[in-house]
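Here's the structure, in C-alpha cells; my notes come after.
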Amino acid sequence: MLTVGENFPSFDLTAVVNLDPQKAFEQITDQSFPGKWKVVFFWPKDFTFVCPTEIAAFGKLNQEFLDRDAQLLGASIDSEFVHLAWRNNHADLKDLPFPMLSDIKRDLSEQLGILDLKAGVSQRATFIVDPQNVIRFVYVTDLSVGRNPQEVLRVLDALQTDELCPCNWKKGEETLTAK
C-alpha cells in the first residue's frame, strides 16, 4: 500500500458530477485540481448499507473542505453508470457536491495497494494529498466499518498548520513547539 511521503499515482477516471444525463459525466485526472489539497476516499461498492452513510457525511462537510482549499473525490470500483443510478435512487446521494470516480478497471486501487484481493473491491481507504501530490495521510478501515469524515477534516486542518499538533488537536487551538 502506498503511504505517507509517497506520490499519489496518476489517474484518468470518469466521474459522475451531475444528475442531468447530458452533464452527468466528466473526466477527472490527478491534474484536475492544480494547487489544491485532495481528499480521495474509496468505498467498496455502490448500493450497499455503510457506504452511503459515509458518502453523505463527506458531502455535508464539502464546503468545509473547500474552505480549506481541498477537493473531495469519492471512488469505488463501480462504473459511472452505476454511480449515476445509485445517486438517482438514494435520497442522501442526490445532491452530492463532489465527483464520484469510477475505478472500474481497478487501476487506481491497485496502484494504491488498496484492492481487497478476497472481496475484489477497494478497501475503505482515505488519502489526504497535498498540492505537490504527496500523500500526507492514509486511513483504512475494515470493509464493514465506516470512517469518520470529521476526523479526516481535523487531520487536514492539522496538516495545513505545518506545526506539531497534539492528540485531539482542533483548528484554532495551540500547537506544540519542539524544545
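Worth a mention:
- Cβ-Cβ under 6 Å pairs, at least 6 apart or on other chains, the stretch 115-139 side farther than 19 Å from Asp30 by Cα, far side of a type in the set (Asp, Glu): Gln123/Asp116
- Complete set of residues in the stretch 91-107 that are hydrophobic (A, V, I, L, M, F, W, C) and in contact (Cβ under 8 Å) with a residue 40 or more places away in the chain: Leu93, Leu96, Phe98, Met100, Leu101
- Condition met for Leu159 (over 26 Å from Lys60 (Cα atoms), surrounded by fewer than 18 Cβ atoms within 10 Å (Cβ to Cβ) and among the hydrophobic types (A, V, I, L, M, F, W, C)): no
- Test set (1) modelled with pLDDT of 95 or more; (2) farther than 23 Å from Val4 by Cα; (3) of a type outside the set (A, V, I, L, M) - Arg68 fails condition number: (2)
- Check on Ser32, polar (S, T, N, Q), modelled with pLDDT of 95 or more, open to solvent by 30 Å² or more (accessible area, probe 1.4 Å) and more than 16 Å from Asp95 (Cα to Cα): yes
- Residue within the stretch 90-112 that is within 18 Å of Lys38 (Cα to Cα), surrounded by 20 or more Cβ atoms within 10 Å (Cβ to Cβ), of a type in the set (Asp, Glu) and in contact with a strand residue (DSSP E or B) (Cβ under 9 Å, 6 or more places away or on another chain) present: yes
- Residues satisfying the stated conditions in the stretch 116-137, i.e. of a type outside the set (Asp, Glu), open to solvent by 30 Å² or more (accessible area, probe 1.4 Å), outside any loop (DSSP other than H, G, I, E, B) and closer than 21 Å to Asn148 by Cα: Arg136, Phe137
- Of all residues in the stretch 138-156 being assigned to a loop (DSSP other than H, G, I, E, B) and touching a helix residue (DSSP H, G or I) at 6+ places or on another chain (Cβ under 9 Å), the one that is surrounded by the most Cβ atoms within 10 Å (Cβ to Cβ): Arg147
- One residue from Phe41, Phe8 being of a type in the set (Phe, Trp, Tyr), within 12 Å of Phe98 (Cα to Cα) and surrounded by 20 or more Cβ atoms within 10 Å (Cβ to Cβ): Phe41
Matching residues to (1) among the acidic types (Asp, Glu); (2) farther than 25 Å from Val16 by Cα:
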| residue | (1), (2) |
| --- | --- |
| Asp92 | yes, no |
| Asp95 | yes, no |
| Pro99 | no, no |
| Lys105 | no, no |
| Leu112 | no, no |
| Cys167 | no, yes |
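- When the helices (runs of 4 or more DSSP H) confined to the stretch 1-105 are screened for residues that are in contact with an Asp or Glu (Cβ under 9 Å, 6 or more places away or on another chain), those reaching at least 1 such residues are found at 51-60, 80-89.
The values are calculated or read from the model by the stated rules, or taken from the named source; none is laboratory data. Predicted model, so just to flag it, every value in this text is computed and none were measured. Cβ sites come from the backbone with ideal geometry, for glycine too, and all protein chains shown count toward neighbours. For the accessible areas, the whole protein counts, side chains as well, though only heavy atoms, and no ligand, DNA or RNA atoms are used. Shrake-Rupley method; radii C 1.70, N 1.55, O 1.52, S 1.80 Å.
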